[in-house]
Amino acid sequence: MALEQFATHRAIHTVPAEDPRALGAACAADTRAAFDAYARLFAAHGIGAEQVRAWGAAALAATHEWAPSLAAEIRGVAEGSGLAEWQLGALNGRTEILAAGAVTGEGECSTSVVLADGSPRTVQTWDWHDTLRAAMTVVSWPGVCTFTEAGVVGKIGVNSAGLGVHFNVLRHASDHADIGVPVHVVARRILDEASTVEEATDLARSARLSASSVITVVTADRARCLELSPAGVGVIDPADGVLWHANHFLDAALAPGERTTEDVSTTFARGSWLRAHTAELGAADLSARARALCAHTEDGAAVCAHPDMSLPPHERWESLATISLDVVAGRLHVHTGGPCSVTPESWQTFTVRPAAPAR
């Protein structure tokens, strides 16, 4: 089966947002489709509809406690889209629901940051189930531009203060079913409020978490991986100007609680690939940087993932997007597809709008 058939090369759904209800209305069809797809994913893992409803409501309640403005945004999007608030809670808390259900799998995403002359060179794959390809959305708020999924407040993006975030999932023994602040909400609040690595770190450490992920924070001259888990937030700083992350913990205190194993994930092989290709990943040319992620199963590291269509949907994984941040210019570069289908013409570029004036 030719790899090229999986290349999407389509214009991503983009929404310049001013008001949550209007955003919900603009993305209503995509948000409904995303919720339906996640409901099927949860069911495939044995998580029933009533449990999803309870956990979705809990995710929204935890968001309200920690980030009331984002809870209000989620409620506004629910109203505008015609979905129930708990359904938007479930979308934003999808990582927490899967962690509460003790779901394991291949994993998601490989991220690289190379600090170079005040202009960091970043790139990541966003790997997820191919059935959720259509949910990919870029939302542009004043001051924040984020690649995300329909109905989800944020994921990967840049802000007008010169800070950006990459995002990878992690799994830890401390993950639990007492639903906490969704990790996607943490990523968005960092974009909303942080202008430095230290501010981002403080925000992450203030959230009560029930699931794990790593948020890689980037500014013009700094970068840091924040390994979020209910057991604490680990900090990984660059070595010789290089920072990378796949889907396993690197922090010495958190790594013993790692739940991802080599028999279910290629994360360890992908990490080794990233370490071995630092020079290429630091290329000034964006497409050359993405090509450094062109490694498949037969190469020994499935950095660029393609779905095995013989498997059921909830067991299939694909590199749905390849993404790079330009925090200096405030730009988000997105290619819809894996690194092996990148061309200079396939990038879509989104520029953050100025933040609204303070009142």
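The values are calculated or read from the model by the stated rules, or taken from the named source; none is laboratory data. Since we're looking at a predicted model, the values are computed, not measured. Note that we place each Cβ from the backbone using ideal geometry, even for glycine, and neighbour counts take in every protein chain shown. To get the accessible areas, we keep the full protein, side chains included, count just its heavy atoms, and leave off ligands, DNA and RNA. Shrake-Rupley method; radii C 1.70, N 1.55, O 1.52, S 1.80 Å.
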**Prompt:** Which option, (i) 120; (ii) 132; (iii) 214, is the value of volume of the Cα convex hull per residue in Å³ that was calculated from these coordinates?
**Reply:** (i)
**Complete:** Taking Cα pairs closer than 8 Å and at least 6 residues apart, the relative contact order of the range 36-143 in percent is 22
**Asked** Considering the zone a paramagnetic label at VAL264 would reach in this model (a point 7 Å from Cα along the Cα-to-Cβ line), which residues of the range 225-253 have amide N under 15 Å from it?
**Response** 247-249
**Request:** Taking the Cβ of ALA211 as the centre, find all other residues whose Cβ is under 9 Å away and add up their charges (Lys, Arg: +1; Asp, Glu: -1).
**Result:** -1
**Asked** What accessible surface, in Å², does a 1.4 Å probe find on GLU262, ignoring ligands, DNA and RNA and rounding to the nearest 10?
**Response** 150
**Prompt:** On full extension of the chain, what length is gained from ALA43 through ALA279, given 0.36 nm per residue of separation minus the C-alpha to C-alpha distance?
**Reply:** 80.6 nm
**Request:** Quick one: plug the Kirkwood hydrodynamic radius of the range 236-297 (C-alpha pairs) into Stokes-Einstein at 20 °C, 1.002 mPa s, and report D in µm²/s.
**Result:** 165
**Asked** About its Cα centre, what dipole magnitude does the chain give when the only charges are +1 on Lys and Arg Cβ and -1 on Asp and Glu Cβ, stated in debye to the nearest 20?
**Response** 560
**Prompt:** Just how large is the dipole of the range 252-359 about the Cα centre, in debye to the nearest 20, putting +1 at every Lys and Arg Cβ and -1 at every Asp and Glu Cβ?
**Reply:** 620
**Prompt:** Using Cα pairs under 8 angstrom and six or more residues apart, how large is the relative contact order of the range 135-264, in percent?
**Reply:** 22
**Item:** Centroid-to-centroid separation of the range 278-319 and the range 60-130 [C-alpha atoms, Å]
**Value:** 22
**Prompt:** Treating the beta-carbon of each Lys and Arg as +1 and of each Asp and Glu as -1, no other charges, what is the dipole magnitude of the range 292-339 about its Cα centre, to the nearest 20 debye?
**Reply:** 220
**Asked** At a 1.4 Å probe radius, carbon and sulfur cover how many percent of the accessible area of the chain?
**Response** 52
**Item:** Reference-scaled alpha-carbon Rg (2.2 N^0.38 Å with N residues) for the range 158-243
**Value:** 1.03
**Request:** Name the residue, out of ALA100, ALA276, ALA57, whose mean-square fluctuation peaks in a Gaussian network model built on the chain with Cα pairs under 10 Å.
**Result:** ALA276
**Message:** Give me a comma-separated list of calculated 3J(HN,Hα) values for the range 137-143, in order, Karplus coefficients 6.51, -1.76, 1.60 applied at θ = phi - 60°, integers in Hz, x for any Gly or Pro.
**Reply:** 9, 10, 10, 10, 8, x, x
**Complete:** The extension gain from ALA355 to ARG53, computed as 0.36 nm times the residue separation minus the Cα-Cα distance, is 105.2 nm
**Message:** Tell me the relative contact order for the chain as a rounded percent, counting alpha carbon contacts under 8 Å between residues six or more apart.
**Reply:** 21
**Asked** How large is the accessible surface per residue of the range 10-57, computed with a 1.4 Å probe and reported in Å² as a whole number?
**Response** 51
**Message:** Counting heavy atoms of the protein chains only and a 1.4 Å probe, report the per residue accessible area for the range 202-357 as a whole number of Å².
**Reply:** 40
